[in-house]
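Here's the structure, in structure tokens; my notes come after.
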Amino acid sequence: AGAALAGAAALAAATYWLEARRRQALCRCEGRSSGVGSLHIWFVRHGETENNVLLRTMGSDGAGPEYERARSADPPLSPLGREQVRRVARHPALASFFGHAKPAVELYSSPLLRAIETAGPLQRALPGSPPIHVRPELSEMGGLRRVLEDGSLEVLPGSTPEELRERFSDLDLELS
């Protein structure tokens, strides 16, 4: 139930934040020949993570304390997850959308590794390789956590902007 509430709160915050961005984008679009007054928002969920693989290998025991102790707080994509992201970046819908117009494009990501690893191939595939705006408010609430020896949960701060720049030096990141 806690994860569902955290997810709902994150979605509500992201929706509020995206509405403000939508209004700004509509103002920038005025007077352009490509889709005046229209805005397309695409949500792309990250690919499979190493934690998904761990959960699957643990079977029915995966949701318990063993999994919580073994999971990574900020897991990278698995090999399958990286392939899933490559397929999204090459998806025909993406190519056809950008083949007809040159819309203003913005990419947004949470600072979680799996999210930035998902945004990277999209950045490279999009016209002009727009920067990835990394926003902490797009993070899963309570997603960066680990179980301590006494069974309590510790929420972790995540990567610093410097760590993200170093790890993703091949990407154009705008960190706030």
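The values are calculated or read from the model by the stated rules, or taken from the named source; none is laboratory data. Just so it is clear, the structure is predicted and the values come from calculations on it, not from any experiment. Here Cβ is always computed from backbone atoms with ideal geometry, including for glycine, and neighbour counts include all displayed protein chains.
I'd like the full set of residues that are small (Gly, Ala, Ser), under 16 Å from residue 46 (Cα atoms) and either in contact with a Pro (Cβ under 9 Å, 6 or more places away or on another chain) or touching a residue at least 60 places away in the same chain (Cβ under 8 Å) (or both), limited to the range 120-142.
139
Every residue in the range 112-164 that is loosely packed, with under 14 Cβ neighbours inside 10 Å and of a type in the set (S, T, N, Q), please.
152, 160
Does the range 68-80 contain at least one residue that is out of contact with any Gly (no Cβ under 7 Å at 6 or more places or on another chain), at pLDDT below 85 and either under 20 Å from residue 51 (Cβ atoms) or crowded, with 17+ Cβ neighbours inside 10 Å (or both)?
Looking through the range 68-80, at least one residue is out of contact with any Gly (no Cβ under 7 Å at 6 or more places or on another chain), at pLDDT below 85 and either under 20 Å from residue 51 (Cβ atoms) or crowded, with 17+ Cβ neighbours inside 10 Å (or both).
Only one residue in 163, 83, 137 is at pLDDT 85 or above and more than 22 Å from residue 50 (Cα to Cα), so which one is that?
Values: 163 fails: more than 22 Å from residue 50 (Cα to Cα); 83 fails: more than 22 Å from residue 50 (Cα to Cα).
That would be 137, the only listed residue that is at pLDDT 85 or above and more than 22 Å from residue 50 (Cα to Cα).
I want to confirm something. Restricting to the range 137-167 and keeping residues that are among the acidic types (Asp, Glu) and outside any loop (DSSP other than H, G, I, E, B), which single residue is farthest from the chain's Cα centre (by Cα)? I'd like the intermediate steps shown before the answer.
From the range 137-167, those among the acidic types (Asp, Glu) are 137, 140, 149-150, 154, 162-163, 166; that's our starting set.
In the following step, the residues that additionally are outside any loop (DSSP other than H, G, I, E, B) were identified as 137, 154, 162-163, 166.
Numbers: 137: 11, 154: 22, 162: 18, 163: 17, 166: 18 Å.
Only one residue tops the list, namely 154.
Tell me, please, whether a residue that is acidic (Asp, Glu), outside any loop (DSSP other than H, G, I, E, B), under 14 Å from the mean Cα position of the chain (by Cα) and closer than 19 Å to residue 90 by Cβ can be found in the range 113-136.
There is at least one residue in the range 113-136 that is acidic (Asp, Glu), outside any loop (DSSP other than H, G, I, E, B), under 14 Å from the mean Cα position of the chain (by Cα) and closer than 19 Å to residue 90 by Cβ.
Looking at the range 40-54, which of its residues are surrounded by 16 or more Cβ atoms within 10 Å (Cβ to Cβ) and at pLDDT below 90?
44
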